[in-house]
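**Q** Below: one structure in structure tokens.
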């Protein structure tokens, strides 16, 4: 299982939110480029970036310069999500910013034809992010609750050719209460595609439990706040994900 460290960007700084609420933002010290480089040096094979300013519909600041810097200075691939509303947005992130993967969230719900076009054009470089409360998908930086069910969206995007999903249970994100194991596994079963678990990881035990879902297709996990808060190091998380008995670090 792969451990993917997350960097959430707001006004060019590293932050973490609780359940996606802007008012809950906690700013962490450190240049995001240096944080990303530190993760790479610790063994990360992929970095997950979220442009929070783009995700929230009323925010005007731009993190794309920071994303471009991170992509340019790392030797590992970067996936980027947040506020991507068109195929042109996808093209710009890949061609100008250097992102290897782009995560589609809101647009998959509100404009599925755009998601279908992006998947057809960019193939495996497109990841569908599903952020949900009580089985229903939320959009626009989690500020809007749709009536689209997780099952329906997964089925539709799979039919469009989506090759990977990221699943986040919003009620757990940033709370360090553990991921939503059941729904994460369900998405893998419904889609037959690999799934990345996200939201709530608080301990090495959480990562070990997620490994039990690996045979059904849950092959990776995004970790954010637990790393910032020092619950464990990235090296120890990677060791736990690989089944290492000695989680040194």
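Every read-out reported here was derived from the displayed coordinates using simple, explicitly stated rules and does not represent laboratory data. These numbers were taken from a predicted model, which means no experiment stands behind them. As a convention, Cβ positions derive from the backbone with ideal geometry for all residues, glycine included, and neighbour counts pool all protein chains shown.
**Q** For region 45-166, what is the convex hull (Cα atoms) projected area averaged across all directions, in square nanometres?
**A** One quarter of the hull surface, i.e. the mean projection, equals 7.1 nm².
**Q** For the chain, just list the percent of Cα-Cα distances falling in each 10 Å bin from zero outward, please.
**A** All Cα pairs, binned at 10 Å, distribute as 8, 34, 40, 17, 1 percent.
**Q** Could you give the distance between the Cα centres of region 165-232 and region 38-110, to the whole Å?
**A** 20 Å
**Q** Still on this structure, I have one more. What FRET efficiency, computed as 1/(1 + (r/R0)^6) with R0 = 22 Å and r the Cβ-Cβ distance, is obtained for residue 205 and residue 2, rounded to the nearest 0.05?
**A** After rounding, the FRET efficiency stands at 0.75.
**Q** What list of whole percents do you get for P(r) of region 112-249, with Cα-Cα distances grouped in 10 Å bins up to the one holding the largest distance?
**A** Once binned at 10 Å, the Cα pair distances of region 112-249 give 12, 40, 33, 13, 1.
**Q** Between residue 159 and residue 229, 0.36 nm times their residue separation minus their Cα-Cα distance comes to what?
**A** Length difference between fully extended and current span is 21.3 nm.
**Q** Before rounding to the nearest 500, sum -39500 (n - 2.57) across all DSSP H runs of length at least 4 in the chain and divide by the residue total; then give [θ] at 222 nm in deg cm²/dmol.
**A** The helix contribution divided over the chain gives -9500 deg cm²/dmol.
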